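The values are calculated or read from the model by the stated rules, or taken from the named source; none is laboratory data. In this text, all values refer to a predicted model and were calculated from it rather than measured experimentally. Because the Cβ atoms are built from the backbone with ideal geometry, glycine has one as well, and the counts that use them run over all protein chains shown.
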Amino acid sequence: MISINEKKLLGINGLGRIGKLSLWYHLISRKFDGVVINVGREVGKSLEDLVQTIITDSTYGSLQFFVNGRAGKPLNIEITDQEQQIITIDGFPIKVLSKERNPQNINWKDEGVRVVVDCTGKFLDPTIPATDPKGSILGHLNAGASKVICSAPFKMKNEPVGEPFPTLIYGINHTCFDPLHHNVISAASCTTTGLAHMMKPLLEDKETCNVLTASLSTVHAATNTQSVLDSVPSAGTKDLRKNRSVLNNIILSSTGAAKTLEKVIPQVIHFGFMADSIRIPTTTVSLIALNITFSSRMDENSMPYISGDYIRNIYKMAEKGNQNGLLFYSAKQNVSADLMGKPAAIVIEGNEIHTRTGFLKVPSEILAAAGIQNIQDINIPVTHAKIMGWYDNEFGSYVNCLGHLTEYVASHID
C-alpha cells in the first residue's frame with residue numbers, strides 16, 4: 001500500500017508516450033518513493049490490461065528488458081491492491097486513478113502528491129482559470145499539488161508580465177526555478193531541449209557567440225498527432241499534410257522549437273531563428289540540422305578562425321564541462337537506431353560538422369555615408385557552419401531531461 005504520510009510521491013497526469021515513459025524513468029531513478037498516475041478513464045477490461053500497457057512498448061521493447069537487459073533478472077510485477085488499483089513493480093508502488101479528466105477534480109492532496117507532471121498535452125495555457133469547465137493546468141494546484149510541470153510548450157493567448165510561468169530545460173536554465181514564485185512550469189519540447197543543448201556551447205564561446213542568423217530543420221520521428229492512414233481533415237484544419245499516412249510519406253511540417261528557445265536562452269532573440277520540421281516514418285530518434293552564420297575573423301596566417309575543428313573542440317569541451325552527461329560528442333558514423341534510448345539531450349555528429357568562410361564586401365561609399373571617411377572597400381569575414389545533432393525525442397533526450405527537472409523541482413520545495 002502507498003502510505004501518503006510516509007512516502008514522497010510523484011503525480012503523472014496522462015499515460016501517452018511521455019506519461020508512460022516518465023513512469024519508466026522514475027521506476028528506474030527511484031528519487032520518488034512511488035507514482036500516482038491519472039489515466040482519466042478505464043483501460044481495457046481489467047487492471048491487468050493496464051499493467052500490460054505499462055510494461056510493454058513497441059519502440060523500446062518490454063520494461064523488463066529495458067530495465068535489466070535480456071540477461072537480467074525478471075521484474076517482480078504484481079497487483080497489490082485491486083480495489084485501490086495499486087501495482088507494484090520491483091517494490092515500486094504505482095497507484096492508478098481513472099475517474100477524473102479535469103485537473104481540478106484529481107484529488108492530489110488526498111493522494112499525498114505535491115509535484116505533478118502533466119503529460120496530456122491538453123492544458124497548455126496557464127492563464128486559463130483553474131475552475132474552467134474544460135480544464136486548466138492550474139486546476140492541479142486547486143486539487144492540492146504544489147508544483148506542476150507541463151511536458152509541452154505553453155500556448156498562451158496573452159502572456160502575463162513577469163514570467164510567472166517559466167520555461168525551464170534541465171542543464172540550460174533549470175536553476176532559474178524559484179520555488180516561491182514558480183508553481184506552473186513548462187519543460188519545453190523535445191526539439192527545443194536538443195536545440196538548447198546544441199546552441200549553449202556556441203553562445204558561450206567568444207568566437208562563435210557573434211551569431212548573424214540561424215535556422216534549423218528537424219528530421220523528426222512520427223508522433224501520435226499524425227494519421228496512420230490518410231484521413232479526412234477536421235473542419236478548419238490548416239495543415240492538410242498531418243492527415244496523410246505517417247507510414248508512407250516524408251511530411252513537411254512546422255515546429256515552434258526556435259520560438260520556445262527564446263524563452264530559455266534570451267540571447268537568441270537578438271539574431272532570430274527560422275525552423276521547420278520534416279516528419280519521417282520512424283518511431284523515435286530525430287536529427288537537428290543546424291545552419292548558423294557567425295561574424296568571424298581571420299587568424300595570423302589569414303585562415304578562418306572558426307573552422308570545423310574549432311567547433312568540434314567546442315563540443316568536446318562542453319561534453320567534459322557543465323553539460324557533462326547531457327551533451328555528447330560522437331566521432332562514430334551513427335544512424336538513428338544507434339541513439340535509441342541513449343540518455344543524452346543531444347549527441348553531436350562530429351563527422352558532419354562543416355564550415356565555410358566568405359567575405360561581406362562593404363564599399364567605401366557606404367562607409368562614408370556612415371561617417372567613416374578615407375577608407376577603401378573592406379571585406380568582413382563571415383563563417384557559415386552546418387552542424388548535426390541526434391536526440392531521442394521520446395525517452396533518451398526529452399524524458400530524461402524532464403525527469404531530471406522534475407527531481408530538481410521536487411528537491412527545492414519545502
Notebook entry, point to check: Residues in the range 67-89 that are buried (at least 17 other Cβ atoms within 10 Å of the Cβ), in contact (Cβ under 8 Å) with a residue 60 or more places away in the chain and out of contact with any helix residue (DSSP H, G or I) (no Cβ under 7 Å at 6 or more places or on another chain): how many?
Noted result: 1
Checklist line | Cβ-Cβ under 8 Å pairs, at least 6 apart or on other chains, the range 202-219 side within 17 Å of residue 298 (Cβ to Cβ), far side among the aromatic types (Phe, Trp, Tyr) and modelled with pLDDT under 95 | finding: 207/305; 212/271
Check: Can you pull out the residues in the range 301-329 that are in contact (Cβ under 8 Å) with a residue 40 or more places away in the chain and not in a loop (DSSP other than H, G, I, E, B)?
Finding: 304, 308, 310, 311, 312, 314, 315, 317, 318, 327
Checklist line | Which listed residue is among the hydrophobic types (A, V, I, L, M, F, W, C), in contact with a Lys or Arg (Cβ under 8 Å, 6 or more places away or on another chain), modelled with pLDDT of 95 or more and closer than 22 Å to residue 392 by Cα, from 250, 288, 278 | finding: 250
Checklist line | Given (1) over 22 Å from residue 24 (Cα atoms); (2) touching a Pro at 6+ places or on another chain (Cβ under 8 Å), number of the condition residue 157 does not satisfy | finding: (2)
Checklist line | Which listed residue, of 331, 345, 318, is within 27 Å of the chain's Cα centre (by Cα), surrounded by fewer than 17 Cβ atoms within 10 Å (Cβ to Cβ), in the same structural domain as residue 286 (by TED's automatic domain parsing) and of a type in the set (A, V, I, L, M, F, W, C) | finding: 331
Next item on the list: Report, by residue number, each residue of the range 292-335 that is among the polar types (S, T, N, Q) and within 30 Å of residue 379 (Cα to Cα).
Entry: 293, 295, 296, 301, 302, 307, 313
Next item on the list: Please tell me if residue 18 is touching a Cys at 6+ places or on another chain (Cβ under 8 Å), buried (at least 21 other Cβ atoms within 10 Å of the Cβ) and assigned by TED's automatic domain parsing to the domain that holds residue 135.
Entry: yes
Next item on the list: Take residue 400 and decide whether it is without any contact (Cβ under 8 Å) to a residue 24 or more places away in the chain and either outside any loop (DSSP other than H, G, I, E, B) or exposed (fewer than 15 other Cβ atoms within 10 Å of the Cβ) (or both).
Entry: no
Check: Checking residue 263 against (1) surrounded by 14 or more Cβ atoms within 10 Å (Cβ to Cβ); (2) within 22 Å of the chain's Cα centre (by Cα); (3) closer than 29 Å to residue 281 by Cα, which test does it fail?
Finding: (3)
Note to self: Can you pull out every residue in the range 162-191 that is over 17 Å from residue 119 (Cα atoms), in contact with a Lys or Arg (Cβ under 8 Å, 6 or more places away or on another chain) and of a type in the set (Val, Ile, Thr)?
What the structure shows: 172
Note to self: What pairs come out if I take residues in the range 246-274 that are on the phi > 0 side of the Ramachandran plot and pair them with residues that are outside any helix (DSSP H, G or I) whose C-beta lies under 8 Å away, six or more apart or interchain?
What the structure shows: 272/213; 272/214
Notebook entry, point to check: Of the residues that sit in the range 130-173 and are in the same structural domain as residue 19 (by TED's automatic domain parsing), of a type in the set (S, T, N, Q) and part of a loop (DSSP other than H, G, I, E, B), which one is surrounded by the most Cβ atoms within 10 Å (Cβ to Cβ)?
Noted result: 151
